[in-house]
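Below is one structure, written out as structure tokens; the observations come after it.
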Amino acid sequence: MDTKPIQFHLRSDNITQGKSRAPNRSMYYGMGYKETDFGKPMVGVANGHSTITPCNSGLQKLADAAVQGPEEAGANPQIFGTPTISDGMAMGTEGMKYSLVSREVISDCIETCVQGQWMDGVVVVGGCDKNMPGGLMGMLRANVPAIYVYGGTILPGKWKGEDLNIVSVFEAVGQNSAGKISDRGTEGHRAARHPRHRLVRRHVHRQHDVVGFRGAGHLPALLFHHGEPARREDELGEGVGQGAGRGDPEGHQAARHRDEEGDRERRRRHHGHRRLHQRGAALPAIAHAAEVEWTIDDFERIRKRTPVLCDLKPSGKYLAVDLHQAGGIPQVMKLLLNAGLLHGDCITITGQTIAEVLKDIPDVPRADQDVIRTIDHAMYKEGHRRS
């Protein structure tokens, strides 16, 4: 019986292997690499940490955990930066013109580093609004095994038992413009009934992390995480390790290409095929990066068959942290799966199908919450429609 070990081909071999690559290797030696490191996968970590916005100011610990995972599984993590623009801060100013552009810049940064350095895979860590689509677009363009890690939602501020968030401040500005509250009330609580309260803007965000009324991600356990940095970091390190290796002594499987056919099967564009876009009605720009045909008619088709299950801000009552505590995105996904609105056989980054990932999630939400509705008692039977 032939027991010859499978010979893995790494993309990074193009930059590290052979006599002619001795000058290239010398650059790695300058960063502390050893000769034995050149048979390991090179896994990029696109780090969106910055102190520009609270959405990204807490990402460094997650980036550190994303570095630790590949290291422990036998890969070489390579960290690089991506920029960010805060919609909440730039709103209403000329700076807002740069917000959408930043999505393309983030995507370009990821594609440039992954392709230029022949990385075998990439972990993207981001928080603010354009980090998510920009990161996904960069991953799809690079077309290597990849994970997007969402930084987690922010905890709301509190004042006399009431949750405060950035929407509270926007509402106060509108009330002030309508003459319903004073200038001090605008900076104070949301209505004139509390004109002497301390400044709402100082109570809105209790910590760094992403604003509490939007966000998504690719590792279900990390979606809408909040206020528990150590737990997020532990789950991230474990998740990246699982996605990259799952026990392969030669290194992370997600950063390896077993053969040309296996390589094509594992690439992001494969996992970004049309059914995956259907389950999330992805942005056209992301679909374009994935080379998936997607039109406005597809949005309408998905809207008509997708119920609104969660009462969330900015149009609803609850914050993302409330969704997390009520069961989070996995619970919503399980409801949609059972209703035939998700393709349960789609493969996730863990190597399991969506159905397998969700098998232990309850079929119905907990009875002690009303953030997540059942399909039979959805807020709306169809998605929102512009009139």
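If you check Gly134, Gly152, Gly138, Gly126, which single one turns out to be farther than 18 Å from Phe80 by Cβ and buried (at least 24 other Cβ atoms within 10 Å of the Cβ)?
On the way: Gly134 fails: farther than 18 Å from Phe80 by Cβ; Gly138 fails: farther than 18 Å from Phe80 by Cβ; Gly126 fails: farther than 18 Å from Phe80 by Cβ.
Exactly one residue qualifies, and that residue is Gly152.
Residue-wise test of (1) over 17 Å from the mean Cα position of the chain (by Cα); (2) in a loop (DSSP other than H, G, I, E, B); (3) among the charged types (D, E, K, R).
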{"residue": "Arg11", "(1), (2), (3)": "yes, yes, yes"}
{"residue": "Asn24", "(1), (2), (3)": "yes, no, no"}
{"residue": "Gly32", "(1), (2), (3)": "yes, yes, no"}
{"residue": "Val45", "(1), (2), (3)": "no, no, no"}
{"residue": "Thr51", "(1), (2), (3)": "yes, yes, no"}
{"residue": "Ser57", "(1), (2), (3)": "no, yes, no"}
{"residue": "Gly92", "(1), (2), (3)": "yes, yes, no"}
{"residue": "Gly95", "(1), (2), (3)": "yes, no, no"}
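Going through segment 328-366 one residue at a time, which ones are crowded, with 20+ Cβ neighbours inside 10 Å and of a type in the set (Gly, Ala, Ser)?
Gly328
Say whether the condition of being under 30 Å from Tyr29 (Cβ atoms) and of a type in the set (A, V, I, L, M, F, W, C) is met by at least one residue in segment 126-142.
The answer is yes, given that some residue of segment 126-142 is under 30 Å from Tyr29 (Cβ atoms) and of a type in the set (A, V, I, L, M, F, W, C).
May I ask you to list the residues in segment 55-85 that are polar (S, T, N, Q) and farther than 18 Å from Cys128 by Cβ?
Listed by number, the residues that qualify are Gln68, Asn76, Gln78.
Kindly indicate whether Pro70 is in a helix (DSSP H, G or I) and touching a residue at least 12 places away in the same chain (Cβ under 8 Å). Spell out the reasoning first.
On the way: in a helix (DSSP H, G or I): yes; touching a residue at least 12 places away in the same chain (Cβ under 8 Å): yes.
For Pro70, the condition - in a helix (DSSP H, G or I) and touching a residue at least 12 places away in the same chain (Cβ under 8 Å) - is met.
Does segment 367-382 contain any residue that is surrounded by 15 or more Cβ atoms within 10 Å (Cβ to Cβ), hydrophobic (A, V, I, L, M, F, W, C) and closer than 24 Å to Pro133 by Cβ?
Scanning segment 367-382 turns up no residue that is surrounded by 15 or more Cβ atoms within 10 Å (Cβ to Cβ), hydrophobic (A, V, I, L, M, F, W, C) and closer than 24 Å to Pro133 by Cβ.
When the residues of segment 31-50 are filtered to those that are in contact with a strand residue (DSSP E or B) (Cβ under 6 Å, 6 or more places away or on another chain) and β-branched (Val, Ile, Thr), which remaining residue is surrounded by the most Cβ atoms within 10 Å (Cβ to Cβ)?
In this case the residue turns out to be Val43.
Somewhere in segment 319-332, is a residue assigned by TED's automatic domain parsing to the domain that holds Pro365 and in contact with a helix residue (DSSP H, G or I) (Cβ under 7 Å, 6 or more places away or on another chain)? Step through it out loud before you land on a result.
Let us first name the residues in segment 319-332 that are assigned by TED's automatic domain parsing to the domain that holds Pro365, namely 319-332.
Next, only the ones that are in contact with a helix residue (DSSP H, G or I) (Cβ under 7 Å, 6 or more places away or on another chain) stay: 329-330.
So far as segment 319-332 goes, yes, one or more of its residues are assigned by TED's automatic domain parsing to the domain that holds Pro365 and in contact with a helix residue (DSSP H, G or I) (Cβ under 7 Å, 6 or more places away or on another chain).
In segment 101-155, which residues are in contact with a Gly (Cβ under 8 Å, 6 or more places away or on another chain), over 18 Å from Glu291 (Cα atoms) and free of Cβ contacts under 8 Å to residues at least 40 places away in the same chain?
Selection gives Ser102, Val105.
Would you mind telling me which numbered condition in (1) surrounded by 15 or more Cβ atoms within 10 Å (Cβ to Cβ); (2) modelled with pLDDT under 95 Thr3 fails?
Of everything listed in (1) surrounded by 15 or more Cβ atoms within 10 Å (Cβ to Cβ); (2) modelled with pLDDT under 95, Thr3 misses just condition (1).
The values are calculated or read from the model by the stated rules, or taken from the named source; none is laboratory data. Quick caveat, the model's predicted, so the values are computed rather than measured. FYI the Cβ positions are ideal-geometry reconstructions off the backbone, even for glycines, and counts take in every protein chain you see.
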